[in-house]
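To start, the structure under review is shown below, and the notes come after it.
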Amino acid sequence: MKATTLALVAVGLTLGLSGCATTKSPTGRGQTLLYSASQMQQMGDASFEEMKKQQKISSDKKLTQYVNCVANRVTAVLPDQSQKWDVVLFNSDQVNAFALPGGHIGVYTGLLNVASTPDQLATVLGHEVAHVLAQHGNEQVSRAQMTGMGMQIADAALGASGVSNRDLYMSALGLGAQVGVILPFGRAQESEADVMGLELMARAGFDPAQSVVLWHNMSKAGGSQGPELLSTHPSNSNRIAQLEQLQGQMQPLYQSAKANIKNQCVLPK
């Protein structure tokens, strides 16, 4: 999408705010949301188009089919089945993935070296989709609006370069690690996405016990700094302990779901 189109999106979002909405997240946490679902979809659509222009899309059909298989099973258990999800595998060493409002999922091939099983990949995708489901992007953009970043988005859209405009958009949606402008999700949001993502993967027939293995792998990857995914997704003993504590709730969901799974996802050799 051209910078001028993104500019119109930014102006429309800034001028289209209809007031502050205070609601509850899926886990009961209070949220302040300034943007409508259609506005967030517009922002997600624009950002995903930019990501597809910035990053090389993988030509590996087998890997792409595998990633789609895992993603499709996770999204198939979402409450809203009217949303169609677009999944793209990017050819990059980045150990990362993301999901955006509007039904977009991006996965980097580097992630498959750390999330080395379908269950581990489902852990990451469940977590990222949960951010969208819980409207964490809306929270981030709303927080930016209330602290003055919203005016910067409008100013960038009207007068700055396309790069600055794109960076502000993507940072507000949690994509700061890729573009260098960081508005990371908070600890409460990360914890919420862990809980929700674990339930999503279990209901999709993926073993939630592998989430613990995945985050151990993540904390070991990339040396002392860890992979790029952890720059905005803090991995620590509290996160792993929470996942371990939730196994008693999630394992029955997994055991019930796996008996009905017909589409097994197999990582190509």
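The values are calculated or read from the model by the stated rules, or taken from the named source; none is laboratory data. Computed from a prediction, not measured in an experiment: that's the story for all the values here. Note: ideal-geometry Cβ built from the backbone for every residue, glycine included; neighbour counts use all protein chains shown. To get the accessible areas, we keep the full protein, side chains included, count just its heavy atoms, and leave off ligands, DNA and RNA. Shrake-Rupley method; radii C 1.70, N 1.55, O 1.52, S 1.80 Å.
Applying the selection to segment 98-138, what residues are over 26 Å from residue 250 (Cα atoms), open to solvent by less than 20 Å² (accessible area, probe 1.4 Å) and more than 12 Å from the chain's Cα centre (by Cα)?
108, 110, 138
Before we move on, is residue 62 surrounded by fewer than 20 Cβ atoms within 10 Å (Cβ to Cβ) and in contact with a Pro (Cβ under 6 Å, 6 or more places away or on another chain)?
Values: surrounded by fewer than 20 Cβ atoms within 10 Å (Cβ to Cβ): yes; in contact with a Pro (Cβ under 6 Å, 6 or more places away or on another chain): yes.
Yes: the conditions hold for residue 62.
When segment 32-45 is examined, which residues are found to be touching a helix residue (DSSP H, G or I) at 6+ places or on another chain (Cβ under 9 Å) and closer than 9 Å to residue 102 by Cβ?
Passing the criteria: 40, 42, 43, 44, 45.
Which number in (1) of a type in the set (A, V, I, L, M, F, W, C); (2) buried (at least 24 other Cβ atoms within 10 Å of the Cβ); (3) touching a Pro at 6+ places or on another chain (Cβ under 6 Å) marks the one condition that residue 95 misses?
For residue 95, the exception is condition (2).
Which of the residues belonging to segment 28-57 are surrounded by 13 or more Cβ atoms within 10 Å (Cβ to Cβ) and in a loop (DSSP other than H, G, I, E, B)?
29, 34, 35, 36, 55 - these are the residues of segment 28-57 that are surrounded by 13 or more Cβ atoms within 10 Å (Cβ to Cβ) and in a loop (DSSP other than H, G, I, E, B).
Select from segment 187-208 the residues that are in a helix (DSSP H, G or I) and aliphatic (A, V, I, L, M) and write down the one among them that is farthest from residue 76 (Cα to Cα).
First, the residues of segment 187-208 that are in a helix (DSSP H, G or I): 187-203.
Applying the additional criterion that residues be aliphatic (A, V, I, L, M) yields 188, 193, 195-196, 198, 200-202.
Numbers: 188: 26, 193: 17, 195: 18, 196: 15, 198: 15, 200: 9, 201: 10, 202: 12 Å.
Per the criteria, the residue is 188.
Restricting to segment 175-224, count the residues that are on the phi > 0 side of the Ramachandran plot and either open to solvent by less than 20 Å² (accessible area, probe 1.4 Å) or modelled with pLDDT of 80 or more (or both). Working first, answer last.
First pass over segment 175-224, keeping only residues on the phi > 0 side of the Ramachandran plot: 180, 205, 222-223.
Among the residues that remain, those that are also either open to solvent by less than 20 Å² (accessible area, probe 1.4 Å) or modelled with pLDDT of 80 or more (or both) are: 205.
Going through segment 175-224 one residue at a time, the tally reaches 1.
Could you grab me the full set of residues in segment 51-71 that are out of contact with any strand residue (DSSP E or B) (no Cβ under 9 Å at 6 or more places or on another chain), charged (D, E, K, R) and modelled with pLDDT of 95 or more?
Within segment 51-71, 61, 62 meet the criteria.
For segment 3-20, indicate whether the set of residues that are hydroxyl-bearing (Ser, Thr, Tyr), part of a helix (DSSP H, G or I), open to solvent by 80 Å² or more (accessible area, probe 1.4 Å) and at pLDDT below 70 is non-empty.
Yes.
Residue 77 passes all but one of (1) surrounded by fewer than 21 Cβ atoms within 10 Å (Cβ to Cβ); (2) at pLDDT below 95; which number fails?
Looking at each condition in turn, residue 77 falls short on (2).
Which fully enclosed strands (runs of 3 or more DSSP E) of segment 61-133 have 2 or more residues being of a type outside the set (A, V, I, L, M, F, W, C) and without any contact (Cβ under 8 Å) to a residue 60 or more places away in the chain? Spell out the reasoning first.
Working: elements: 86-90, 97-100, 104-108.
In segment 61-133, 104-108 are the strands (runs of 3 or more DSSP E) which contain 2 or more residues that are of a type outside the set (A, V, I, L, M, F, W, C) and without any contact (Cβ under 8 Å) to a residue 60 or more places away in the chain.
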